[in-house]
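One structure below.
The values are calculated or read from the model by the stated rules, or taken from the named source; none is laboratory data. Given the structure is predicted, the values throughout are model-derived calculations rather than measurements. Using ideal geometry, Cβ is built from the backbone for each residue, glycine included, and neighbour counts are taken over all protein chains shown. Ligands, DNA and RNA are excluded from the accessible area calculation, which covers all protein heavy atoms including side chains. Shrake-Rupley method; radii C 1.70, N 1.55, O 1.52, S 1.80 Å.
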Amino acid sequence: MLQQASNHNRDRIAFKKLLLGTLVAASCASLAAWSASTGASAQSPAKDKIPALASIDFAWLALGADWRDPPAGSGHGPIKQDPAHPFHGNLDGPGQVTIRLGNVQDPVLKPWAAAQMRASNEEAISGQRAVPFTAQGRCYPGGVPGQLLYPAEPFYFIQTPKQVWMVWQRDHLVRRVYLTDKHSEVVKPSWFGESIGHYENGDTLVVDTIGLSTKNSFIDNFRTPHTTKEHVVERYKIAADGKTLEASVVVDDPDTFNEPLHLIQRWRNVKNQMLETACAENNEDYFHQNLFPIPEADKADF
């Protein structure tokens with residue numbers, strides 16, 4: 001009798017486990033189907049596709065830390081290196097590595113912007129600061145569009161029906177794009193501003209950003225500044241082979257530039273699960289180069 005009861009109990013337990021497993025599997029399948037269907041309908045008719053920017057299997061790794069030239073006839077391209085001080089990077093083969101010094105003679109720059117960049121160049125040339133400021137190197141958010149130039153670690157997309165998130169592995173910085181067609185009436189300036197977006201033609205994510213703060217925020221690694229009037233439009237599109245992602249960027253700031261800048265950045269698709277990295281750990285000025293100080297709180301949070 002005890003053996004029969006024991007067998008009966010084991011059968012009941014096994015049945016409950018099987019039922020629970022079936023329910024969990026069904027729930028997961030339903031959730032996945034809902035996510036796929038709602039994601040496909042975000043800012044687009046249900047029949048249209050959206051670009052598959054997000055995945056748990058891959059990330060996007062930048063192909064360089066400088067803006068590329070836009071197609072011919074697009075308009076003014078990016079600020080370049082000062083021709084009097086050629087740039088030689090770590091990946092440029094044998095030779096002395098040099099630093100980035102922006103071309104302050106570029107006629108697209110307003111006088112105040114050229115003067116600010118000239119002061120930064122002279123600070124580096126004179127040795128007062130051996131390595132000029134870079135947001136990612138000194139643990140600051142890179143702003144918009146400067147954050148797109150971070151080269152060493154990948155970033156990821158999360159696509160939902162109402163938002164698209166861009167998540168950088170370094171410090172897990174998150175930029176949110178709200179899938180709507182209208183900015184807020186009042187936007188408080190911030191590192192990444194207010195970004196709104198929509199999908200076009202089933203293969204492009206278009207992002208429109210305003211409300212960008214200016215302190216330690218630059219267009220590029222030449223420390224090209226901007227004002228709070230900066231308006232950025234980005235268009236993200238995956239290549240036909242799925243191996244690369246391209247962003248076509250237009251920066252309009254009438255108080256900084258005499259005409260809009262047209263910029264290109266590309267990333268390659270990499271198989272990479274997100275790691276936990278913290279910029280501020282062990283990031284000190286060990287070689288006494290008068291590095292720009294990293295952000296520090298006035299008081300502890302606990």
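Summary table below
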quantity	calculated
Distant-in-sequence amide H partners of Asp82 (H built 1.01 Å from N, under 5 Å)	Leu101, Gly102, Asn103
Segment Ala300-Glu122, length gained on full extension (0.36 nm per residue, minus Cα span)	60.5 nm
Heavy atoms of Arg129: accessible area, 1.4 Å probe, square angstrom to 10	40
Radius 12 Å from Cβ of Gln105, net charge of other residues (Lys, Arg +1; Asp, Glu -1)	0
Region 239-302: C-alpha gyration tensor shape, a/c 1.5 cut-off, then a/b vs b/c	oblate
Prolate/oblate/rounded call for region 66-128, Cα gyration tensor, a/c under 1.5 rounded	oblate
Heavy-atom accessible surface of region 141-291: percent carbon and sulfur, 1.4 Å	50
Per residue solvent-accessible surface (Å²) - region 170-302, probe of 1.4 Å	58
Highest to lowest packing among 62-72, 230-240, scored as the average C-beta count within 10 Å	230-240, 62-72
Region 129-188 shape via C-alpha gyration tensor axes, a/c threshold 1.5	oblate
Note, ³J(HN,Hα) from phi for region 50-57, Karplus 6.51, -1.76, 1.60, rounded to Hz, x at Gly and Pro	10, x, 7, 7, 9, 6, 7, 9
Met274, Met117, reordered so the largest accessible area comes first (probe 1.4 Å)	Met274, Met117
Nitroxide proxy distance, nm - points 7 Å out along Cα→Cβ at Gln105 and His88	2.2
Estimated inter-spin distance, Gln163 and Thr214, nm [label 7 Å along Cα→Cβ]	2.9
